[in-house]
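Reviewing the structure listed below.
The values are calculated or read from the model by the stated rules, or taken from the named source; none is laboratory data. Just so it is clear, the structure is predicted and the values come from calculations on it, not from any experiment. Every residue, glycine as well, gets a Cβ built from its backbone with ideal geometry; the counts of neighbours run over all protein chains shown. We work out accessible area using only protein heavy atoms, side chains counted, and drop any ligands, DNA or RNA first. Shrake-Rupley method; radii C 1.70, N 1.55, O 1.52, S 1.80 Å.
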Amino acid sequence: MRYGASVYRPRGPKVRKLLALLIVRANENVPVDHLIDELWEGDPPATAVNTVRTHVYHLRQELGQRLGHDAVQDLLTTEATGYSLNVEEGQTDLAVFRRTCALGRQELRSGHLEAAYESFGDALGMWRGPALADVRQGHVLAAHAREIEELQLHAQEKWIEVAMRLGYYREVLPQLRNLVASHPYNEWLHARLIDALHQSGRRGDALRAFQDVRTVLAHELGLEPSEDLRRVQRCVLVGSRAS
C-alpha cells in the first residue's frame with residue numbers, strides 16, 4: 001500500500017492477508033465474516049472474532065508507527081459489521097491501475113490513439129508479477145486476484161489493439177507470443193498474433209500460427225477456429241489486411 005512517498009508491507013502473514021483484503025475492497029465495509037473466511041479458509045477457531053480484532057489492532061499499531069496515529073484513525077475505521085480502509089484516489093496501486101485504464105479507454109473512444117497507447121502502457125508498466133503475489137491467498141483473496149488478473153489481461157488486449165491500429169505490428173509480437181503461451185484458448189489473441197505476423201511480412205509464420213491454434217482447439221477442446229480466426233487466415237492467404 002502506498003501512503004505519501006512510502007510503501008508499506010506488514011510483517012505477519014495474517015495481518016498481510018487482512019490488509020490485502022481491505023485494499024482490494026478499499027472504501028467498502030468488509031464484514032468480519034469475510035475476514036474470518038479469508039484468514040482461516042472455512043475452519044475458524046472459536047476465538048476468530050476476537051482474533052480478527054487483535055489483528056486489526058496490530059495493523060493499526062504498525063500503520064500508526066509509519067503514518068502517525070492521527071492519520072490511522074481516519075484511514076482504518078471500524079464499521080457496524082466490519083472494517084473499512086478509507087483511501088484517496090492514487091493511494092493504492094490497484095486504484096491507479098484502474099484509473100489509468102479508464103483514461104486509456106476514454107482516449108481510445110475519442111480517437112486519440114497515441115494517448116491511449118501511452119495510457120495502457122503506463123498501466124501495464126505497474127505490474128511486477130501476478131496479482132497479490134506476496135500474500136498467501138485463501139479463497140476470498142484468490143477470487144479477487146483472478147478478477148484483477150482479468151483486468152490486466154483486458155488492458156493488455158486494449159494495448160495490443162491500439163498498437164496494431166497505429167501500425168506497431170513488430171512491437172507487439174513478443175507480448176503476443178507470451179500471452180498466447182499463457183492463454184492458449186484465447187482466440188482473440190491468436191488472431192492478433194497471426195495478423196501481426198502477416199503485417200510484419202512473415203506470411204509463412206502467420207499460417208503456421210493458424211495451424212497451431214487450430215490443432216490446439218481441435219485436440220484439446222474439440223472446437224473449430226472462430227470466424228475471427230478464419231477471417232484473419234483468409235486475409236493472409238489472399239494478402240489483404242485484416243485490421
Under the helix-only model (-39500 (n - 2.57) for each DSSP H run of 4 or more, divided by the residues of the chain), the mean residue ellipticity at 222 nm, to 500 deg cm²/dmol, is -21000 deg cm²/dmol
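Please report, as a whole percent, how much of the solvent-accessible surface of the chain comes from carbon and sulfur atoms (probe radius 1.4 Å). Mind dumping the intermediate values first?
Numbers: 6290 of 12920 Å².
For the chain, the apolar C and S fraction of the accessible surface comes to 49 percent.
I need the shape label for the chain. Rule: rounded when a/c is under 1.5, else prolate if a/b > b/c, else oblate, with a, b, c from the alpha carbon gyration tensor.
It is prolate, given that a/c is not under 1.5 and a/b is the larger ratio.
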Hydrodynamic radius by Kirkwood, which averages 1/r over all alpha carbon pairs of region 169-243, in angstrom: 12.0 Å
What is the distance, in nm, between label points placed 7 Å from the Cα along the Cα-to-Cβ direction at A218 and at Q73? 7.1 nm
Mean accessible surface per residue for region 84-200, computed with a 1.4 Å probe while every protein chain stays in place, in Å²: 49 Å²
